[in-house]
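Visitor: Before we start, here is the structure in question, set down as structure tokens.
The values are calculated or read from the model by the stated rules, or taken from the named source; none is laboratory data. As the structure is a prediction and not an experimental result, all values here were calculated from the model. Note that we place each Cβ from the backbone using ideal geometry, even for glycine, and neighbour counts take in every protein chain shown.
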Ligand SMILES: Nc1ncnc2c1ncn2[C@@H]1O[C@H](COP(=O)(O)OP(=O)(O)OP(=O)(O)O)[C@@H](O)[C@H]1O
């Protein structure tokens, strides 16, 4: 085991916008109502090893993107720490290191339509003085080649490409800073299924050739099953299960993981039968007491409503936060 990135008790809460009258009343001491907060990520402690792909899975709104943005340095945490290659990173500087880059879901939105491909790919590297102006054409050509695109595309604009090609351009731009760690946030979710497979294969090839490590965020279990070595399952801002990919899919421990797997009909490996997850994700503004999954859990016990289960070891390399494990 060779950790490249570690988070310790990483948390993020967002204050909700209040009406002007309420804000004024509070600042004048006329209201003692506490400010409403969304606890998007709570106490996230993860270790990601060099060269591995850690999948981060959960329903929409469970805090995956917030976690990814903190880890990529795009969002300062409310509390907690991040260490990169054993050294604490200063989270007060959002652009603190070039070693971590992020690839987003929507290549339409993440590429400036007014810039040519060569400008898109080289602007950050020029800014950080990783390339000289005169070397830009060969720099861009090499990056385009690495992502499977022709060097002649350098003078075109984003609208001249398909979704898959645009995502390749976004990947080339991320690679331009020579990162060691890439956070992929739903990076293939907007693409057609056949194109998804090609881009996933590109990620895997780049992992080998560039010795990359990925945090791969996705709500799509089939994608995560294909690409990840280990999987962390998030529910309402917390990791509820963490294990090797095979263990997650063949012997999921947490009732939430079991329900997610039951919800994913396209999976090839499906050795367990469970009921799909019932009901809606509760609001993170007002999370349920105890185990936050208990209102939707088919196996909830009285204890689950009052006591939050800790993430603990259930097998070698397999961790789960569920009181049912105390029964066995
Ligand atoms: N800037 C913000 N201000 C207020 N609340 C926010 C902000 N960003 C995220 N949230 C809230 O934090 C919670 C977690 O959001 P996040 O986007 O991290 O979840 P997610 O699992 O990535 O979902 P999705 O896949 O839909 O993006 C949600 O309730 C969301 O509404």
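Visitor: State which residue is nearest to residue 185 (Cα to Cα) when the search covers only region 215-225 and only residues that are within 16 Å of the ligand (Cβ to nearest atom) and touching a helix residue (DSSP H, G or I) at 6+ places or on another chain (Cβ under 8 Å).
Guide: The selected residue is 217.
Visitor: Among the residues of region 55-65, write down those that are within 18 Å of residue 242 (Cβ to Cβ) and surrounded by fewer than 24 Cβ atoms within 10 Å (Cβ to Cβ).
Guide: Listed by number, the list holds a single entry, 59.
Visitor: Report every pair of residues separated by at least 6 positions or lying on different chains whose Cβ atoms are under 7 Å apart, first residue within region 185-196 and farther than 19 Å from residue 74 by Cβ, second within 12 Å of the ligand (Cβ to nearest atom) and assigned to a loop (DSSP other than H, G, I, E, B).
Guide: 190/105; 190/106
Visitor: In addition: Would you mind telling me which numbered condition in (1) at pLDDT 90 or above; (2) within 30 Å of residue 242 (Cα to Cα) residue 123 fails?
Guide: The failed condition is (2).
Visitor: Something else: Mind checking which residues of region 301-318 are more than 16 Å from residue 239 (Cα to Cα) and in a strand (DSSP E or B)?
Guide: Scanning region 301-318 gives a single hit, 315.
Visitor: Same structure, new question: Checking the structure you have, find out if any residue of region 224-240 is under 20 Å from residue 106 (Cα atoms) and either surrounded by fewer than 24 Cβ atoms within 10 Å (Cβ to Cβ) or in contact with a strand residue (DSSP E or B) (Cβ under 8 Å, 6 or more places away or on another chain) (or both).
Guide: Yes, some residue in region 224-240 is under 20 Å from residue 106 (Cα atoms) and either surrounded by fewer than 24 Cβ atoms within 10 Å (Cβ to Cβ) or in contact with a strand residue (DSSP E or B) (Cβ under 8 Å, 6 or more places away or on another chain) (or both).
Visitor: I've got another one for you. Give the residue, chosen from 259, 264, that is more than 16 Å from the ligand (Cβ to nearest atom) and more than 18 Å from the chain's Cα centre (by Cα).
Guide: Going through 259, 264 in turn, the sole match is 259.
Visitor: Quick one: which of 197, 174, 154 is more than 25 Å from residue 48 (Cβ to Cβ) and away from the ligand (no atom under 16 Å from the Cβ)?
Guide: So the residue among 197, 174, 154 that is more than 25 Å from residue 48 (Cβ to Cβ) and away from the ligand (no atom under 16 Å from the Cβ) is 154.
Visitor: Of all the residues that make up region 183-211, how many are touching a helix residue (DSSP H, G or I) at 6+ places or on another chain (Cβ under 6 Å) and under 28 Å from residue 85 (Cβ atoms)?
Guide: Summing the residues that are touching a helix residue (DSSP H, G or I) at 6+ places or on another chain (Cβ under 6 Å) and under 28 Å from residue 85 (Cβ atoms) in region 183-211 gives 5.
Visitor: Okay, moving on. Is one or more of the residues making up region 132-140 closer than 25 Å to residue 200 by Cβ, at pLDDT 95 or above and surrounded by 15 or more Cβ atoms within 10 Å (Cβ to Cβ)?
Guide: Yes, region 132-140 contains a residue that is closer than 25 Å to residue 200 by Cβ, at pLDDT 95 or above and surrounded by 15 or more Cβ atoms within 10 Å (Cβ to Cβ).
Visitor: I've got another one for you. When residue 246 is evaluated against the numbered criteria (1) outside any loop (DSSP other than H, G, I, E, B); (2) modelled with pLDDT of 95 or more; (3) buried (at least 17 other Cβ atoms within 10 Å of the Cβ), which criterion, by number, is the only one it fails?
Guide: Condition not satisfied by residue 246: (3).
Visitor: Find the residue count for region 227-242, including only residues that are assigned to a strand (DSSP E or B) and within 16 Å of the ligand (Cβ to nearest atom).
Guide: 9
Visitor: Within region 21-44, track down each residue that is modelled with pLDDT of 70 or more and closer than 17 Å to residue 283 by Cβ.
Guide: Selection gives 35, 36, 37, 38, 39, 40, 41, 42.
So that you can scan it fast, the table gives a plain yes or no per residue for (1) free of Cβ contacts under 8 Å to residues at least 40 places away in the same chain; (2) in contact with a helix residue (DSSP H, G or I) (Cβ under 8 Å, 6 or more places away or on another chain); (3) under 17 Å from residue 203 (Cβ atoms); (4) within 16 Å of the ligand (Cβ to nearest atom):
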residue: 38; (1), (2), (3), (4): no, no, no, yes
residue: 41; (1), (2), (3), (4): no, yes, no, yes
residue: 51; (1), (2), (3), (4): no, yes, yes, no
residue: 55; (1), (2), (3), (4): no, yes, yes, yes
residue: 61; (1), (2), (3), (4): no, no, no, yes
residue: 65; (1), (2), (3), (4): no, no, no, yes
residue: 81; (1), (2), (3), (4): no, no, no, no
residue: 86; (1), (2), (3), (4): no, no, no, no
residue: 104; (1), (2), (3), (4): no, yes, yes, yes
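Visitor: Between 130, 115, 126, which is farther than 18 Å from residue 157 by Cα and not in a helix (DSSP H, G or I)?
Guide: Residue meeting the stated conditions: 130.
Visitor: Shifting gears a bit: Hey, any hits in region 76-90 for a residue that's surrounded by fewer than 20 Cβ atoms within 10 Å (Cβ to Cβ), at positive phi and modelled with pLDDT under 95?
Guide: Within region 76-90, one or more residues are surrounded by fewer than 20 Cβ atoms within 10 Å (Cβ to Cβ), at positive phi and modelled with pLDDT under 95.
Visitor: Can you tell me which of (1) surrounded by fewer than 24 Cβ atoms within 10 Å (Cβ to Cβ); (2) touching a strand residue (DSSP E or B) at 6+ places or on another chain (Cβ under 9 Å) is the one residue 171 doesn't meet?
Guide: (1)
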